[in-house]
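Notes follow once the structure below has been shown.
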């Protein structure tokens, strides 16, 4: 029985379901333990892995294909990058903002300026320029390539059964989880959805491209979901809009947490008492 299904986020293309579960399961168990609940056996927890959908074919170069600021030409990628930059600058003094005079003088190329600035942020520190651009491309490809979107959603749909009680999703995985659970199946019912560091409510880039399409600025409630808890760290650059209830309905419970320096990292999200409480409520409701 798969009681809990986990859905990862971007930049996991060289991992796999078991290696990711090795990272996620102990943190999930810790969060439940903080709430006084015995975690389910690992055999009852599955990882909806889709990273390989974004894994490029082999090529003569080493590592990722060479990507530079000049390759960021798609409006979705550019808008998301600039939104990340602006939010990171608001939250972190070390990140020069879009209107910072020094940032403007260093380079006239706005995309390059954004990449340079984000390299000083807590989330993107240590990531190469290529990795940042590759992350942008994964979001863009999911939102704009129907075949990619379908392939990713099928990975989650294949694991959700009538016995599934909780879906826990992180980052881009929250978009995958929302869209998949919105496509109701008769056997899917009474599922508790827990979203961590979600970009779902980012207007223009993500929200307005959701399926099913929002109506009059409001998204449709995912029919398979009975309760939804959204958890976000104030400094999480990816979760630009921290509260989902204004767009997805008052049935969403929005909770803030503090994850320390790695605001978007899934592990502190999972170990948070708030996450443990939300998962426990889903596991024990029947």
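The values are calculated or read from the model by the stated rules, or taken from the named source; none is laboratory data. Owing to the predicted nature of the structure, the values given are computational and were not obtained by experimental measurement. Here Cβ is always computed from backbone atoms with ideal geometry, including for glycine, and neighbour counts include all displayed protein chains.
A few notes on this one:
- Residue 245 vs. criteria at pLDDT 95 or above, surrounded by fewer than 16 Cβ atoms within 10 Å (Cβ to Cβ) and on the phi < 0 side of the Ramachandran plot: yes
Listed here are the residues, each with its yes/no results for (1) loosely packed, with under 15 Cβ neighbours inside 10 Å; (2) modelled with pLDDT under 95.
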| site | (1), (2) |
| --- | --- |
| 4 | no, no |
| 12 | no, yes |
| 20 | no, no |
| 50 | no, no |
| 64 | no, yes |
| 68 | yes, yes |
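- Residue 190 being on the phi > 0 side of the Ramachandran plot, in contact with a strand residue (DSSP E or B) (Cβ under 9 Å, 6 or more places away or on another chain) and surrounded by fewer than 24 Cβ atoms within 10 Å (Cβ to Cβ): yes
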